[in-house]
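Visitor: The structure under discussion is supplied below as structure tokens; questions concerning it will follow.
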Amino acid sequence: MKKILVVDDEPDITSSIKAGLGSAGFEVDTYNDPELALSEFTQGKYDLAIIDFRMPEMNGFDLYRGIKLMDGKIKIFFLSAFEMYH
């Protein structure tokens with residue numbers, strides 16, 4: 001079974017992604033705190049990380065760099081719910 005890490009500061013987003021991917025047969029771990037996600041990350045545990053690019057404590061690119069230092073083989077997918085106003 002493929003294992004996916006989801007990190008987003010919005011709990012409703014992580015729970016929705018977990019529900020959708022879980023119903024498709026994936027095992028999903030979620031974090032709303034990127035620093036905690038990084039501190040608990042272990043090499044080889046995940047096949048994919050889905051990371052929000054804009055988070056207040058640590059941005060997604062900083063989290064990406066930390067994860068890639070520990071596991072160069074993991075695939076990373078960035079997402080954002082950034083709203084633009086005109």
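Bear in mind that the values in this text are calculations on the coordinates, not laboratory data. These figures come from a predicted structure and were not determined experimentally. Here the Cβ positions follow ideal geometry from the backbone for every residue, glycine too, while neighbour counts run over all protein chains shown.
Visitor: Scan the chain for GluC sites (Glu not before Pro) in coil per DSSP, keeping those whose Cβ has at most 14 other Cβ atoms within 10 Å, and list them by number.
Guide: 57, 83
Visitor: Quickly work out the residue 15-to-residue 65 label distance, labels modelled 7 Å from Cα along the C-beta direction, and quote it in nm with one decimal.
Guide: With each label point 7 Å from Cα toward Cβ, the separation is 3.3 nm.
Visitor: Another question about this same structure. What's the magnitude of the charge dipole for the range 3-79 around its Cα centre, counting Lys and Arg as +1 and Asp and Glu as -1 at the beta-carbon? Answer in Debye, nearest 20.
Guide: So the dipole magnitude of the range 3-79 works out to roughly 440 debye.
Visitor: What's the exposure ranking of 26, 61, going from fewest to most Cβ atoms within 10 Å?
Guide: 61, 26
Visitor: Sticking with this one: Using Stokes-Einstein with the Kirkwood hydrodynamic radius over Cα pairs, what translational diffusion coefficient do you get for the chain at 10 °C and a viscosity of 1.306 mPa s, in µm²/s rounded to a whole number?
Guide: D = 122 µm²/s.
Visitor: Mind checking which lysines have their C-alpha under 19 Å from residue 18, skipping anything on the same chain fewer than 8 residues away?
Guide: Of all the lysines, those that pass the test against residue 18 - Cα under 19 Å, at least 8 places apart if same chain - are 2, 3, 45, 75.
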